[in-house]
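Visitor: For reference, the structure I am asking about is given below.
The values are calculated or read from the model by the stated rules, or taken from the named source; none is laboratory data. Just so it is clear, the structure is predicted and the values come from calculations on it, not from any experiment. Cβ: placed from backbone, ideal geometry, glycine included. Neighbour counts: every protein chain shown.
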Amino acid sequence: MARELTYVGKPVARDDAVDKVTGAAQYTHDLGLPGMLHAALVLSPHASARIASIDARDAEALPGVRAVVTGKQLPYRLGLYMQDKRILAEDTVRYQGEAVVAVVADTLETARAACRTIDVTYEPLPSVLDPREAMEDSAHRVHPDLHTYDHMEGVFFPKPHTNIAHHQKIRKGSFEEAIAAADVRWTGSFDNPPVQHVPMETHATIAQALPQRRMELWTSSQSPYTVRHLMSVCFGIPHASIRVHVPYVGGGFGGKAGLGLEPLAYVLSDAVGGRPVKVVATREEEFNMLPSRQGLHSTVEIGANRDGKIVALKATYVWDAGAYADYGVNIGRAAAYSGAGPYCIDNCWIDSYVVYTNKVYGTAYRGFGHLEVLWGIERAMDQMARALGMDPVAFRSRNLLKPGDTTITGEPFTPGHGNPQQCLDVVAEAIDWGSPPDSPDDAHRVRGKGLAMLHKAPAMPTFTSCSAVIKLDEDGAADILISGVDYGQGTYTVLRQVAAEELRIPLEKVHITWECDTAFSPYDWQTVASRFAYMGGNAVIEAAQDCLRQIRSVAARALDVSPDAIVCEDGAAFPEGQPERAIPYEQLSLGYTFANGNSIGGPVIGHGRYIATGLTHLDPETGQGLPAQYWTYGAHAVEIEVDTQTGEIEILNLVTAIDAGKVLNPKLCDGQIVGGVIQGLGSALWEGFVFDENGRFLNPAFVDYKIPTAKDIPRRTQRILLENPQPGGPYGARGVAEHPMISIPSAIGNALYDALGIEFTTLPLDYERILRRIRERTDAS
Amino acid sequence: MHDIRVTVNGHQESASVPATQTLLEFLRDRLALTGTKEGCGIGECGACTVLLDGRPVTSCLMLAVEADGRSVETIEGEAVGGELSVLQQAFVDAGAVQCGFCTPGMIMSARGLFQRNADPSDEEIVEAIAGNLCRCTGYEAIVAAIRLARDRLNAATAKGDRDGT
Amino acid sequence: MRGTFEYVKVRTVDEACRHLAEGEATVLAGGTDLLVEIRNGLRSPRLLVDCKSVETLDQLDVRQDEVTVGASVPLNLLIERKDVREAVPALSSAAASIGTYQLRNRATLIGNICNASPAADSAPVLLVLRAEVHICGASGSRTLPLRDFFVGVKKTALRDDELVTAITMHRPARLRTAFRKQQRIRGHDLAVVNVAGAYDPEERQLRLAVGSCAPTPLLLEPIPADRSNPRDAAVQAVEAAMRAVSPISDVRASADHRRAILPVLIRRTVEDLLGGGV
């Protein structure tokens, strides 16, 4: 029975907006507990050094200082996929910015003042800053004991006695034969610097060590259960002894996906006899100490025939993981299986290396390696098209995955995957691809158009799951308990819409408990990978259906009919065709009482869950398997204008098309897209870490790390959402959270070629780089 | 220590503060007005924006002692009698709120704008919030919200004029 | 806030000078540079002397041929006051390019020059307007041409016991002014290079000043110029500028880039002042 949807698909306003516009929303930054102490940190000034001595006597003697903790007191190893990290550097520092000493004091100012008195002496060691250099035999080994580290066997493959934390392979078909036979070959290299998520709320955690090795944490995190799990593994404490609260979170973008300050906050609380300790990263620490998005050097080789068909593609990805690679190895893996773009490539050879260097370490970042990879792939596609004398749209269309094709991991492409061709066509049309841009007003300005495809599947373990509980209130309202985190993307509002739709009650009667609490909120893996609306949505649907089953069962007894005969509509249960006999949920939500006083049923509590279905591990040699629950495809087209005298670039029009399957909430979806596009613009034009030759981080503040402001947005943006349904998605929806930023740099890079005839291969495309290349070309001619 | 008297959201607060305490620390730690946020501590991100005698300033770069005898308005004073202001409601309606961390600063900057210019152009709106960094929304919805608030306020004024109120 | 300073609010210039003369004391005006430096451990004064309540320091006088700005005048006032905008539009432009709106409600023009960053955005405009800095100290007052005020990177000619009370710029009505700034992004940013120019049609003289290309903001030697031949003037101006500057590479830009941008800004500034076709 196809009923028109009441709530799903509507631009419902988010209910948390009121808390946020009034300042009532409490983030971890804002929380305090009685007796709480504050922490400050001493960071390493060296990229690679042995810690020779730590003299903290003056600090310890300062009034108000409660504890001074160093790495030697903390024999714990952190990491899930790769246990390579300490809470504080133990005897070796591996990046400039690594935390070496922590001070706990009555006030933050006292803790900071104490830090300034601490004298750490170092013996500098050799270092390696470039990941390709790090792969050479002569390179300094960032982790000489790599071969002794625990890691997830069968999934990750560190190479002992090297700086290679992981090597992922894709071997599909026979690349060597195919490339030799290709009519035209093209090869090129590309570079991405590390960047930072820049959540407006920096990392913050409050920890309280409780008696009997229990703990309670309040933390700005995307993943309360992953925090709990990793803390359990690290400290050897049962999961149930660890309670994690996540209040409002001021942005995450992947940077708060794994462990951040939690282990440190816990050991500090333990060091002060269990008083709560709050650790808040300064903005400089957020940049310099906390993890980044890995840098990437990629090399792409393509072979194609004159009819435009790609016959072979080879890519080598060298990821700059920084000093620790627990999350980085995942990105190296995911990027490999996505690493050829949304194209049908029968012969594909990919090597993805995750390499240690002496720089701040990488972690998940919106896009999970895909922006970095597609910077290479989508730029390569344009250049290959040119080598063939083909239009870039025609060339891509010739090769985009279509039903009947297989991906590079051997996954069959079906109509349920969505329609990448349609995405390409609509953005090309929106930008008037066939026509050259209008002439700019000034002679020194030039315009160009470019486009790029995007694709991504959730990068997650094959056992990823989500669960939800719905309990009904006395008044028939529903409370959703779930521990995915809404840190701005709006998923909680979407889940309320889904629950209201399924339960057949007004949206105003559906609530979602904002704070996640692992004591009460049921398990969710992590709020990453653009999977929360999909998996959470499915879990909520199942939970709602469970509630309705309970309601129907009790209503059936009350009305003396079979449960199959009961329908639920408008917040009431009644036998089909007899709405006059309706029993409203309020009379069923805590059980039903007959006229004579007999009561049946009881509190209605529905539960639902969703586990990734049908996923397989990737073959370690060939990378073949099924890693993707669903793929989301999209495209961008962009028109730019460049001032050839200054290198300044203006975005005139930026069009984005994403095949969302089903837009669960157009207003929130639009917000995600615009936000992602602008964040992508930051990566494209301005953002990148700058290090000196000693590996010292030079721009750990907004003065010299520039993110887009309101003045930097494109003159015009367009968002087009396609709805080719995703089988298995809630109402046919796919995830779209990461996708809007993934191919922004590539689209702009392609437009720059159109405007200037110059191939840019290194991000960011800042004005200085653009001007330098323009001048080089002028000098050469 | 310095004795100061500051009017905060219409209430006069008396306190004794160290010279080194910033206005931001005073508001958050002393008065428990945690709606104003710290995003960078160096006046670059605008998350700490409050109104000082009606003008937007970054409170992380002001000392509490400098606020002696002055009036400060924070986000907590924006809603009156439990009713969201036109600005706040517009932010809700226009989808201008995602993680919410930049939101109080944005609203204060917008309030400051309306106080000096009841009919700002798009360019003036952008200029007013250019000092407020946001990582989630991409700014479009925020500009739309301020535009919406402007139009609603001006419509109300026009109506008031017509009704003779 | 980090640091261990004390604070005093003064009512007169004399009071301020007395405190400054005690040593390790510094003026607190807008605080937008000072407090950041204290927070980052770059400065650790013993005492901050808040001069914002000194009546005489908030003057903003626009007269026929000169404009005087007192020490506590915030940058936004230079943008909001119509008479200032009309008298010295380049100053309003330069002020508007400094930091954010919020910052400009606190930061002062005098603070900008006392901070003496080579990239100070107000400096090139003030230099081409032949600004004079009024200084008071424990031993009396003096006036110094701005070009002699900047002595090095973040170094001025002020003695420890002195403060700047005002700055006077000379701008006969016939003077045209212009300001250009190259940034890395449209949002608030420090200058990669900045340029200011003034054209005196009577004296037929082009005065140009350049920032962020030398240890201090640089006033170039005047260039004879005529509206009838803007191209010549631009060529001369570029040559003069390139001879005078010594840009360095820093995290914001390379020396090469500064050398590439400077001629563009100079040409555009000359065009602003003399008309098209440069």
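Visitor: Determine if the stretch A:267-283 includes at least one residue that is among the β-branched types (V, I, T), away from chain B (no Cβ under 14 Å) and part of a helix (DSSP H, G or I).
Guide: yes
Visitor: Right, another one. Out of everything in the stretch B:6-39 that is touching a residue at least 60 places away in the same chain (Cβ under 8 Å) and in a strand (DSSP E or B), what residue ends up being farthest from the other protein chains (Cβ to nearest Cβ)?
Guide: Among those that are touching a residue at least 60 places away in the same chain (Cβ under 8 Å) and in a strand (DSSP E or B), it is B:T7.
Visitor: Among the candidates A:L698, A:L681, A:L721, A:L685, single out the residue that is in contact with a Cys (Cβ under 9 Å, 6 or more places away or on another chain) and within 27 Å of B:C102 (Cβ to Cβ).
Guide: Just a single option satisfies the conditions, and that option is A:L721.
Visitor: Over 27 Å from A:A582 (Cα atoms) and either touching a Phe, Trp or Tyr at 6+ places or on another chain (Cβ under 8 Å) or in contact (Cβ under 8 Å) with a residue 40 or more places away in the chain (or both), is that true of A:L451?
Guide: Considered against the rule, which asks whether it is over 27 Å from A:A582 (Cα atoms) and either touching a Phe, Trp or Tyr at 6+ places or on another chain (Cβ under 8 Å) or in contact (Cβ under 8 Å) with a residue 40 or more places away in the chain (or both), A:L451 comes out as yes.
Visitor: Name the single residue, out of those in the stretch C:53-81 being touching a residue at least 40 places away in the same chain (Cβ under 8 Å) and in a loop (DSSP other than H, G, I, E, B), that is nearest to C:R159 (Cα to Cα).
Guide: C:A71
Visitor: Exactly one condition in (1) within 14 Å of another protein chain (Cβ to nearest Cβ); (2) part of a helix (DSSP H, G or I) is not met by A:A737; state its number.
Guide: Of the numbered conditions (1) within 14 Å of another protein chain (Cβ to nearest Cβ); (2) part of a helix (DSSP H, G or I), the odd one out for A:A737 is (2).
Visitor: Something else now. Go through the stretch A:685-702 residue by residue and tally those that are surrounded by fewer than 17 Cβ atoms within 10 Å (Cβ to Cβ) and either facing chain C (nearest Cβ under 7 Å) or part of a helix (DSSP H, G or I) (or both).
Guide: Qualifying residue count for the region: 2.
Visitor: Give the stretch B:80-99 a look and list any residue that's part of a loop (DSSP other than H, G, I, E, B) and within 18 Å of B:A141 (Cα to Cα), or say none.
Guide: If the condition is that a residue be part of a loop (DSSP other than H, G, I, E, B) and within 18 Å of B:A141 (Cα to Cα), then B:S85, B:A94, B:G95, B:A96, B:V97, B:Q98, B:C99 are the ones that fit.
Visitor: Continuing with this model, one more query. May I ask you to list pairs of residues, at least six apart or on different chains, whose Cβ atoms are under 9 Å apart, with the first in the stretch C:27-39 being closer than 11 Å to C:V49 by Cβ and the second being among the hydroxyl-bearing types (S, T, Y) and crowded, with 24+ Cβ neighbours inside 10 Å?
Guide: C:A29/C:S72; C:A29/C:T108
Visitor: In addition: Looking at the stretch A:284-303, which of the residues that are surrounded by fewer than 21 Cβ atoms within 10 Å (Cβ to Cβ) and over 24 Å from B:G41 (Cα atoms) is farthest from the other protein chains (Cβ to nearest Cβ)?
Guide: Once the filter is applied, the top-ranked residue is A:E301.
Visitor: Please work out which one of (1) in a helix (DSSP H, G or I); (2) at pLDDT 95 or above is the condition A:R719 fails and give its number.
Guide: (1) is the only condition that A:R719 fails.
Visitor: Additional query: For residues that are of a type outside the set (D, E, K, R) and either more than 28 Å from A:I707 (Cα to Cα) or part of a helix (DSSP H, G or I) (or both), tally how many sit in the stretch B:126-136.
Guide: 3
Visitor: Before we move on, is B:C134 buried (at least 24 other Cβ atoms within 10 Å of the Cβ), within 12 Å of chain C (Cβ to nearest Cβ) and within 29 Å of A:A204 (Cα to Cα)?
Guide: Answer is yes for this residue.
Visitor: Kindly provide the set of residues from the stretch B:100-125 that are in a loop (DSSP other than H, G, I, E, B) and closer than 19 Å to B:A32 by Cα, ordered by number.
Guide: Selection gives B:G100, B:F101, B:C102.
Visitor: A:A364 is checked against (1) surrounded by 24 or more Cβ atoms within 10 Å (Cβ to Cβ); (2) more than 18 Å from the chain's Cα centre (by Cα); (3) in a loop (DSSP other than H, G, I, E, B) and fails just one. What number does that condition carry?
Guide: (2)
Visitor: Residues that are of a type in the set (K, R) and farther than 30 Å from A:G341 by Cα: does the stretch A:184-196 have at least one?
Guide: no
Visitor: Also, quick follow-up: Tally the residues that are among the hydroxyl-bearing types (S, T, Y) and free of Cβ contacts under 8 Å to residues at least 40 places away in the same chain, restricting the search to the stretch A:484-524.
Guide: 1
Visitor: Since B:E127 meets every condition but one in (1) under 25 Å from B:G10 (Cβ atoms); (2) within 13 Å of chain C (Cβ to nearest Cβ); (3) charged (D, E, K, R), which condition does it not meet?
Guide: (1)
Visitor: Here is a further query. Filter the stretch A:652-667 down to residues that are within 12 Å of chain B (Cβ to nearest Cβ) and either assigned to a loop (DSSP other than H, G, I, E, B) or buried (at least 23 other Cβ atoms within 10 Å of the Cβ) (or both) and give me whichever is farthest from the chain's Cα centre (by Cα).
Guide: This residue is A:L654.
Visitor: Turning to a different aspect of this structure: Just to be sure I understand, how many residues within the stretch A:581-600 are free of Cβ contacts under 8 Å to residues at least 60 places away in the same chain, more than 21 Å from A:V567 (Cβ to Cβ) and surrounded by 13 or more Cβ atoms within 10 Å (Cβ to Cβ)?
Guide: Final tally of qualifying residues: 1.
Visitor: Further question: What is the residue count in the stretch B:137-165 for residues that are within 14 Å of chain C (Cβ to nearest Cβ), outside any helix (DSSP H, G or I) and of a type in the set (V, I, T)?
Guide: The number of residues fulfilling the criteria is 0.
Visitor: Looking at the stretch B:98-124, which of the residues that are among the hydrophobic types (A, V, I, L, M, F, W, C) and away from chain C (no Cβ under 12 Å) is farthest from A:P199 (Cα to Cα)?
Guide: B:A118
Visitor: Restricting the stretch C:30-55 to residues that are under 16 Å from C:H134 (Cα atoms) and in contact with a helix residue (DSSP H, G or I) (Cβ under 7 Å, 6 or more places away or on another chain), which is surrounded by the most Cβ atoms within 10 Å (Cβ to Cβ)?
Guide: The selected residue is C:C51.
Visitor: Of the residues that make up the stretch A:89-100, is at least one within 30 Å of A:M152 (Cβ to Cβ), out of contact with any Ser or Thr (no Cβ under 9 Å at 6 or more places or on another chain), surrounded by fewer than 22 Cβ atoms within 10 Å (Cβ to Cβ) and not aliphatic (A, V, I, L, M)?
Guide: Yes, the stretch A:89-100 has at least one match.
Visitor: Have a look at A:D183, A:D191 and point out the one that is farther than 20 Å from A:G252 by Cα and either within 14 Å of chain B (Cβ to nearest Cβ) or under 22 Å from the mean Cα position of the chain (by Cα) (or both).
Guide: After ruling out the rest, the residue left standing is A:D191.
Visitor: Just to be sure I understand the filter: pairs with C-beta atoms under 7 Å, separated by 6 or more residues or on different chains, first member in the stretch A:301-314 and assigned by TED's automatic domain parsing to the domain that holds A:G339 and on the phi < 0 side of the Ramachandran plot, second member among the aromatic types (F, W, Y) and assigned to a strand (DSSP E or B). Which pairs pass?
Guide: A:I302/A:W186; A:I310/A:Y343; A:K314/A:W349
Visitor: Could you say whether any residue in the stretch A:231-243 is more than 21 Å from A:A67 (Cα to Cα) and aromatic (F, W, Y)?
Guide: Scanning the stretch A:231-243 turns up no residue that is more than 21 Å from A:A67 (Cα to Cα) and aromatic (F, W, Y).
Visitor: Also: With a cut-off of at least 2 residues that are surrounded by fewer than 22 Cβ atoms within 10 Å (Cβ to Cβ) and free of Cβ contacts under 8 Å to residues at least 12 places away in the same chain, name the strands (runs of 3 or more DSSP E) lying wholly within the stretch C:99-187.
Guide: Where strands (runs of 3 or more DSSP E) fall fully within the stretch C:99-187 and carry at least 2 residues being surrounded by fewer than 22 Cβ atoms within 10 Å (Cβ to Cβ) and free of Cβ contacts under 8 Å to residues at least 12 places away in the same chain, they are C:140-145.
Visitor: When the stretch C:240-268 is examined, which residues are found to be within 13 Å of chain A (Cβ to nearest Cβ), β-branched (V, I, T) and surrounded by 19 or more Cβ atoms within 10 Å (Cβ to Cβ)?
Guide: Across the stretch C:240-268, the qualifying residues are C:I261, C:V264, C:I266.
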